[in-house]
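Engineer: Here it is: the structure, laid out below.
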Amino acid sequence: MKNFIFTLFLATIIFGCKSKNQEENQKNKKINEFAIIIHGGAGTILKKNMTPEKEKAYQEKLEEAVRKGYEILKNGGSSVDAVEQTIQVMEESPLFNAGKGAVFTHDGANELDASIMTGHDLNAGAVAGVKNVKSPIALARKIMTNSDHVLLSGKGASEFAKKEGLTLVDSSYFYTEKRFKSLQRAKEKMKLELDHDDKSAFYDSDIKDYKYGTVGCVALDKKGNITAGTSTGGMTNKRWNRIGDSPIIGSGTYANNETCGVSSTGWGEYFIRAQVAHDISALIAYKDLTLTEAAKEVIQKKLTKLGGTGGIIALDKYGNMVFEFNTAGMYRASMDDQGKLNVKIYKE
Ligand code: ASP
């Protein structure tokens, strides 16, 4: 009997080790030589509130953007070029809350935020509250490569953009009627209802929710370099030069070749408090979690418990890709090294 129990004990250990090793093997297998994943914002995006035309417009733009980066990666280009150029496709589209089509502040202006990080050297660049730079993600990249700083803001950031020869535009470039109306509705709502409830400050009745629409991209290139980037107009009706998570390295964007790259979208204050992007990387680095486990832990447990809403896209060094969100939908797309395209809007 004693022998039997001992054999059972040994078998349990051996079997336990084996299954652990099997898991590790799966985890250590490179499944994509290169890959790209993008988002165009998360929120209460419901099919019943969509017209087929609007749905198609989003799907087509997401596909155009992800293909842009895919081609760069396929041809041996760098993940930093892929991320910048993919995000620029979405910044130039009025569909998304980034660049043209950015939401309005309480005072009727557009204040843009963006960040980018490269995983091979943990270098990063970010910009907050610029009003006249056509491509905030291009400025974030210049700050990363051509300055001694990580985060520049406001007027100084615009001066730096000018010095670097980036395209400056009149603030009217960012105007879209849809976003301007959203601001009017948000202000009306604020006046009528909860004057001092800061949640109502962001209300956008356009989608019966707090309107998001930030864009982000994470790419892995053939050299194994991961880059992550995010660009946004922030949240409708923001005041007092409010800055969200998007330009905050570790919250809105993070990349590390040893672990993963992450870009966030959602209610920025919560993403800053939960340090969402870095936390996902840290769980992989320190706790040996898989990308999926880490993303679930941070979004579905930590962020949700705090009361935050939104989601992330993430891609690890093996080319695994994950979309994780706690909202009804997230505009999103990905392509693997075989050219397999995945475009989605709603939760499934
Ligand atoms: N995270 C952004 C912010 O809080 C908003 C968004 O993702 O749409 O500024």
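The values are calculated or read from the model by the stated rules, or taken from the named source; none is laboratory data. Only a predicted model underlies this, so the values are computations on that prediction, with no experimental measurement involved. Cβ placement follows ideal geometry from the backbone for every residue including glycine, while neighbour counts extend to all protein chains displayed. We work out accessible area using only protein heavy atoms, side chains counted, and drop any ligands, DNA or RNA first. Shrake-Rupley method; radii C 1.70, N 1.55, O 1.52, S 1.80 Å.
Engineer: Out of the residues in segment 242-253 that are in contact (Cβ under 8 Å) with a residue 60 or more places away in the chain and of a type in the set (Ser, Thr, Tyr), state the one that is farthest from the ligand (Cβ to nearest atom).
Structural biologist: Taking the candidates together, the pick is Thr253.
Engineer: In segment 317-337, what residues are in a loop (DSSP other than H, G, I, E, B) and free of Cβ contacts under 8 Å to residues at least 40 places away in the same chain?
Structural biologist: Matches in segment 317-337: Asn326 only.
Engineer: When residues of segment 55-64 are filtered for being buried (at least 18 other Cβ atoms within 10 Å of the Cβ) and touching a Ser or Thr at 6+ places or on another chain (Cβ under 9 Å), how many remain?
Structural biologist: Summing the residues that are buried (at least 18 other Cβ atoms within 10 Å of the Cβ) and touching a Ser or Thr at 6+ places or on another chain (Cβ under 9 Å) in segment 55-64 gives 1.
Engineer: Is there any pair linking a residue in segment 254-272 that is within 6 Å of the ligand (Cβ to nearest atom) and in a strand (DSSP E or B) to one that is at pLDDT below 95 and open to solvent by 30 Å² or more (accessible area, probe 1.4 Å), with Cβ under 8 Å and at least six apart or on different chains, and which?
Structural biologist: Gly266/Thr309
Engineer: Further question on the same structure: Condition check: over 16 Å from Thr230 (Cβ atoms) and either touching a helix residue (DSSP H, G or I) at 6+ places or on another chain (Cβ under 7 Å) or not in a loop (DSSP other than H, G, I, E, B) (or both). Does Phe96 satisfy that?
Structural biologist: no
Engineer: Right, something else. Assigned to a loop (DSSP other than H, G, I, E, B), at pLDDT 95 or above, away from the ligand (no atom under 14 Å from the Cβ) and open to solvent by 30 Å² or more (accessible area, probe 1.4 Å), is that true of Gln300?
Structural biologist: no
Engineer: Which residue, of Ala282, Ala314, is open to solvent by less than 10 Å² (accessible area, probe 1.4 Å) and either away from the ligand (no atom under 16 Å from the Cβ) or in contact (Cβ under 8 Å) with a residue 12 or more places away in the chain (or both)?
Structural biologist: Ala314
Engineer: Exactly one condition in (1) within 16 Å of the ligand (Cβ to nearest atom); (2) at pLDDT 95 or above; (3) over 20 Å from His39 (Cα atoms); (4) among the hydrophobic types (A, V, I, L, M, F, W, C) is false for Ala140; which is it?
Structural biologist: (3)
Engineer: Could you grab me the full set of residues in segment 65-87 that are open to solvent by 20 Å² or more (accessible area, probe 1.4 Å), touching a helix residue (DSSP H, G or I) at 6+ places or on another chain (Cβ under 6 Å) and not basic (Lys, Arg)?
Structural biologist: Once the filter is applied, which keeps residues that are open to solvent by 20 Å² or more (accessible area, probe 1.4 Å), touching a helix residue (DSSP H, G or I) at 6+ places or on another chain (Cβ under 6 Å) and not basic (Lys, Arg), segment 65-87 yields Ile72, Asp81, Glu84, Gln85.
Engineer: Hey, could you check segment 40-90 for residues that are outside any helix (DSSP H, G or I) and within 16 Å of the ligand (Cβ to nearest atom) and say which is farthest from Asp337 (Cα to Cα)?
Structural biologist: Here the residue is Thr44.
Engineer: Can you find, within segment 105-164, the residue that is most open to solvent (accessible area, probe 1.4 Å) among those that are farther than 28 Å from Thr176 by Cα and assigned to a strand (DSSP E or B)?
Structural biologist: Residue satisfying both the conditions and the ranking: Asn123.
Engineer: While we're looking at this one, here's another question. Going by the structure shown, is Ile116 β-branched (Val, Ile, Thr), closer than 25 Å to Gly250 by Cβ and in contact with a helix residue (DSSP H, G or I) (Cβ under 6 Å, 6 or more places away or on another chain)?
Structural biologist: So Ile116 passes the test.
Engineer: Also: Filter segment 288-297 for residues that are open to solvent by 50 Å² or more (accessible area, probe 1.4 Å), under 20 Å from Lys29 (Cβ atoms) and of a type outside the set (Asp, Glu) and give the result.
Structural biologist: Selection gives Thr292 alone.
Engineer: List pairs: first residue in segment 213-241 and farther than 21 Å from Lys181 by Cα and away from the ligand (no atom under 13 Å from the Cβ), second residue of a type in the set (D, E, K, R) and in a loop (DSSP other than H, G, I, E, B) anywhere in the structure, Cβ distance under 7 angstrom, at least six positions apart or on different chains.
Structural biologist: Listed by first residue and then by second, the contacts come to Lys222/Glu33; Gly224/Lys317; Ile226/Lys317.
Engineer: Kindly establish whether Gly307 is open to solvent by 20 Å² or more (accessible area, probe 1.4 Å) and more than 10 Å from the ligand (Cβ to nearest atom).
Structural biologist: Yes.
Engineer: When the residues of segment 150-169 are filtered to those that are farther than 18 Å from Gln85 by Cβ and without any contact (Cβ under 8 Å) to a residue 12 or more places away in the chain, which remaining residue is farthest from the chain's Cα centre (by Cα)?
Structural biologist: Lys163
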